[in-house]
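This report refers to the structure that appears directly beneath it.
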Amino acid sequence: MIGAVVSRYSLTRNSDHAGEFDVTIMDTSEQAFFREHEGQIYLRDGDKRPWLNDDLQSFTPLRFLPPELMDYQGRALVIDPDVFAAGDVWDLLSRDMQGHAILCRAKSGSKGRKGAFASSVMLLDCAQLTHWRTAENFAEMFSFQRDYMDWVSLKLEPAGSIGPLEACWNDFDHLDADTRLLHNTKRKTQPWKTGLPVDYRPADTFRLFPPRHWIRRARRALFGDYRFAGTYKRHPDPAQEAFFFALLRECLEEGLVSEAMLKDEMARGHVRADAMSLLESVPPLAA
């Protein structure tokens, strides 16, 4: 939740049009369909595994909820809670979508070459997305009619409905003068988690090579999902760490985050143990 609050603040802080759009945080606790399927087996990348609401990325089906929340009218920008505005998001919200229902960028690496899109940042024309029925689509994963990876990679969308989005609007762990939306997408190096025990399940599609895939499966079978999974590492770019904590400090100064809330999140293992000292040492952001 700390990441989500900082993300929301960054969107309005860095826009000259902050009064012309609303920012809503969608919370998994507000959607009954998550609770109803806790522990049930679902289909993911051809494999079957239990759905765990405590997993770090269990929120991802919420990416498909905005059109319903907006009664399938208007335009929505949906972003993950680890995406932070470094530029004016109005430039994206007000652009011509050229008839597309969705604007987003392709995934990086082999996934992108296989046609997978990054649904972590999407500009949506809600009127064209009436087939997005999140609770119904979510339930289809448990009857094995819908594969999670095909769903979140947008492989189930009609041909021609997706238009390209420049990388600067979903900049994967890259921050420079051109970055508009910074996405700390590499989970193991998210700047606010350094040093904490890993609390997510890496993808475990079985492959003979490299051996880490079957070693990972053996570890899970013997010790559970997270034991011996290691700890979060420091982000390789100090500027991205400083950017997040400078935003967080402003949230504290503005009263959007309380010190008590921050310390509670630290105690729960959601924010790194040295966060308070980092807040004192990072340089301020430019106005």
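The values are calculated or read from the model by the stated rules, or taken from the named source; none is laboratory data. Note that the coordinates shown come from a computational prediction; the quantities given were computed from them, not determined experimentally. Note that we place each Cβ from the backbone using ideal geometry, even for glycine, and neighbour counts take in every protein chain shown.
Hey, A139 hits all of (1) under 26 Å from W192 (Cα atoms); (2) surrounded by 15 or more Cβ atoms within 10 Å (Cβ to Cβ) but one; which does it fall short on?
Among (1) under 26 Å from W192 (Cα atoms); (2) surrounded by 15 or more Cβ atoms within 10 Å (Cβ to Cβ), A139 violates only (1).
Is there a residue in the stretch 120-131 that is surrounded by fewer than 19 Cβ atoms within 10 Å (Cβ to Cβ) and among the β-branched types (V, I, T)?
yes
Mind telling me which of the residues A86, A32 ends up being buried (at least 16 other Cβ atoms within 10 Å of the Cβ) and either aliphatic (A, V, I, L, M) or within 26 Å of L262 (Cβ to Cβ) (or both)?
A86
Residue by residue through the stretch 156-180, note down the ones that are within 19 Å of L65 (Cα to Cα) and either touching a strand residue (DSSP E or B) at 6+ places or on another chain (Cβ under 8 Å) or part of a helix (DSSP H, G or I) (or both).
Selection gives E157, S161, I162.
Please enumerate the residues belonging to the stretch 133-183 that are touching a residue at least 24 places away in the same chain (Cβ under 8 Å) and aliphatic (A, V, I, L, M).
Listed by number, the residues that qualify are A135, A139, M141, M149, V152, L154, I162, L165, A167, L175, L181, L182.
Identify the single condition in (1) exposed (fewer than 15 other Cβ atoms within 10 Å of the Cβ); (2) in contact (Cβ under 8 Å) with a residue 60 or more places away in the chain; (3) touching a helix residue (DSSP H, G or I) at 6+ places or on another chain (Cβ under 9 Å); (4) not basic (K, R) that N53 does not satisfy, given that it satisfies every other one.
(2)
Among the numbered criteria (1) part of a loop (DSSP other than H, G, I, E, B); (2) surrounded by fewer than 14 Cβ atoms within 10 Å (Cβ to Cβ), which single criterion is violated by G19?
(1)
Can you name the number of the only condition in (1) at pLDDT below 95; (2) on the phi < 0 side of the Ramachandran plot that M141 fails?
It is condition (1) that M141 fails.
Looking for whichever is touching a Leu at 6+ places or on another chain (Cβ under 6 Å) and among the aliphatic types (A, V, I, L, M) here; the options are L103, L156, L129. Which one fits?
When all the criteria are applied, what remains is L103.
Return the total of residues in the stretch 175-189 being modelled with pLDDT under 95 and in contact with a Gly (Cβ under 9 Å, 6 or more places away or on another chain).
The total comes to 1.
For the stretch 62-74, name all the residues that are closer than 18 Å to N170 by Cα and either among the charged types (D, E, K, R) or surrounded by fewer than 17 Cβ atoms within 10 Å (Cβ to Cβ) (or both).
Matches in the stretch 62-74: R63 only.
Which residue is farthest from P61 (Cα to Cα), if the candidates are limited to the stretch 14-36 and must be more than 20 Å from the chain's Cα centre (by Cα) and among the hydrophobic types (A, V, I, L, M, F, W, C)?
Restricting to residues being more than 20 Å from the chain's Cα centre (by Cα) and among the hydrophobic types (A, V, I, L, M, F, W, C), the top hit is A18.
Of W169, W192, which residue is in contact with a Phe, Trp or Tyr (Cβ under 9 Å, 6 or more places away or on another chain) and either modelled with pLDDT of 60 or more or surrounded by 14 or more Cβ atoms within 10 Å (Cβ to Cβ) (or both)?
The match here is W192.
Among (1) of a type in the set (D, E); (2) in a helix (DSSP H, G or I); (3) within 24 Å of T189 (Cβ to Cβ), which single condition is D55 missing?
D55 satisfies all of (1) of a type in the set (D, E); (2) in a helix (DSSP H, G or I); (3) within 24 Å of T189 (Cβ to Cβ) except (2).
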